[in-house]
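The values are calculated or read from the model by the stated rules, or taken from the named source; none is laboratory data. Keep in mind that what you see is a predicted model, and the values were worked out from it rather than measured. All Cβ positions, even for glycine, are placed from backbone atoms using ideal geometry, and neighbour counts span all protein chains on display. Surface accessibility is based on the protein's heavy atoms, side chains included, excluding ligands, DNA and RNA. Shrake-Rupley method; radii C 1.70, N 1.55, O 1.52, S 1.80 Å.
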Amino acid sequence: MKKIIFLFLILYSASFSQVKERSVSMHNDDTIIDSSAVYYETMIGKVDTRDSNCFSEIERAKKDFSNGNMTYYDYKGYGSRTRNIDFFQNEIEKLKIKYELVLVGCMSGTIVTHSFIPRDNCYRSCMDKLVNDKFGKDFFKKLDNKSDSLYVIENIRKGYVFNFSECDDNVIRYKKSLGKKYNQQFKDIDKELDSLITYPKDFKYKNEKYYSWSTCSFVINEDGSISKLKLETTFQNKYNYRFQKYFEDKIKNFVLSSNWVPAISHGIVVKSEWDVNFRYK
């Protein structure tokens with residue numbers, strides 16, 4: 001009887017040692033919070049052995065991939081560039097790959113209905129890895145760049161005017177400011193306009209909460225020429241509207257006589273919108 005008890009204690013001690021060792025190992029892994037869980041290492045990382053749905057999704061993705069049924073998931077969040085999606089999708093589908101746009105939010109969609117937290121989107125994660133491993137790390141990034149170039153070229157052909165947000169950042173538009181910091185061009189424009197405009201003697205200077213202003217909107221063409229020029233003026237003191245034509249003519253002449261640099265979108269020269277703003281004293 002003593003031998004039986006002794007043998008039982010040895011087995012119990014060994015079992016406890018294994019659990020404790022597993023618990024310590026998992027405690028040191030930041031991705032694991034349930035010390036009683038057992039994880040399998042898969043191609044998408046560690047998966048809880050209780051997460052049968054995730055294992056099923058991984059196997060389904062592998063089977064689809066091996067049968068040539070590939071899917072490229074294009075993840076887009078708030079503020080992502082989406083203008084070239086149609087061109088990108090077309091390039092993807094040329095490779096016999098299904099394209100699917102995935103809108104990414106800031107919150108996880110996981111609803112916990114188990115004693116453990118199941119892993120999200122195992123099929124997508126597995127398919128992502130399989131497809132990216134097949135084509136290489138930078139392949140789809142280069143394809144995205146190509147698609148954006150195709151978008152720009154197609155819209156140039158249509159005579160499209162690109163807005164400010166569609167153009168490459170920090171491209172100086174006012175030629176006299178070339179070689180300076182981007183924001184310096186606005187100061188240079190203000191200074192030039194101030195030197196050209198003489199205020200009429202009976203002009204009513206600012207005595208209100210808000211400034212009076214004029215905005216000249218125009219298109220800078222690919223060759224630097226100007227078209228579609230429009231002017232809008234707001235005076236806080238209605239009396240000053242009698243000088244509107246005088247001021248607008250000065251601003252218009254400045255725009256037409258100045259040299260402008262065409263915008264660039266994805267490295268390609270394009271037509272673009274631009275504004276000159278003048279704030280009255």
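Remarks
- For segment 80-119, filtered to residues that are part of a loop (DSSP other than H, G, I, E, B), closer than 20 Å to residue 53 by Cβ and open to solvent by less than 60 Å² (accessible area, probe 1.4 Å), the residue that is modelled with the lowest pLDDT is 110.
- Members of segment 175-200 that are under 16 Å from residue 218 (Cβ atoms), of a type outside the set (A, V, I, L, M) and in contact with a strand residue (DSSP E or B) (Cβ under 7 Å, 6 or more places away or on another chain): 175, 185
- Qualifying residue in segment 19-31 (condition: hydroxyl-bearing (Ser, Thr, Tyr), at pLDDT 50 or above and either open to solvent by 100 Å² or more (accessible area, probe 1.4 Å) or within 39 Å of the chain's Cα centre (by Cα) (or both)): no
- Yes/no for residue 190 being among the acidic types (Asp, Glu) and closer than 21 Å to residue 279 by Cβ: yes
- In segment 88-107, the residues that are within 14 Å of residue 75 (Cβ to Cβ) reach residues that are part of a helix (DSSP H, G or I) with C-beta atoms within less than 7 angstrom, at least six apart or across chains, in these pairs: 88/143; 88/144; 88/147; 99/89; 99/92; 99/93; 101/85.
- Residues being within 18 Å of residue 97 (Cβ to Cβ) and either among the β-branched types (Val, Ile, Thr) or in a helix (DSSP H, G or I) (or both) - total across segment 123-166: 23
- Of residues in segment 181-228 being part of a helix (DSSP H, G or I) and either more than 30 Å from residue 269 (Cα to Cα) or of a type in the set (D, E, K, R) (or both), the one nearest to the chain's Cα centre (by Cα): 187
- In summary, residue 206 fulfils each of the numbered conditions (1) among the basic types (Lys, Arg); (2) out of contact with any Phe, Trp or Tyr (no Cβ under 9 Å at 6 or more places or on another chain); (3) open to solvent by less than 90 Å² (accessible area, probe 1.4 Å) with the single exception of condition (2).
- Where residue 256 falls short, out of the listed (1) part of a helix (DSSP H, G or I); (2) more than 27 Å from residue 166 (Cβ to Cβ); (3) open to solvent by 60 Å² or more (accessible area, probe 1.4 Å): (2)
- Of residues in segment 227-253 being open to solvent by less than 30 Å² (accessible area, probe 1.4 Å) and among the polar types (S, T, N, Q), the one farthest from residue 150 (Cα to Cα): 240
- From the options 128, 138, 148, 169, residue that is farther than 24 Å from residue 53 by Cβ and surrounded by 13 or more Cβ atoms within 10 Å (Cβ to Cβ): 148
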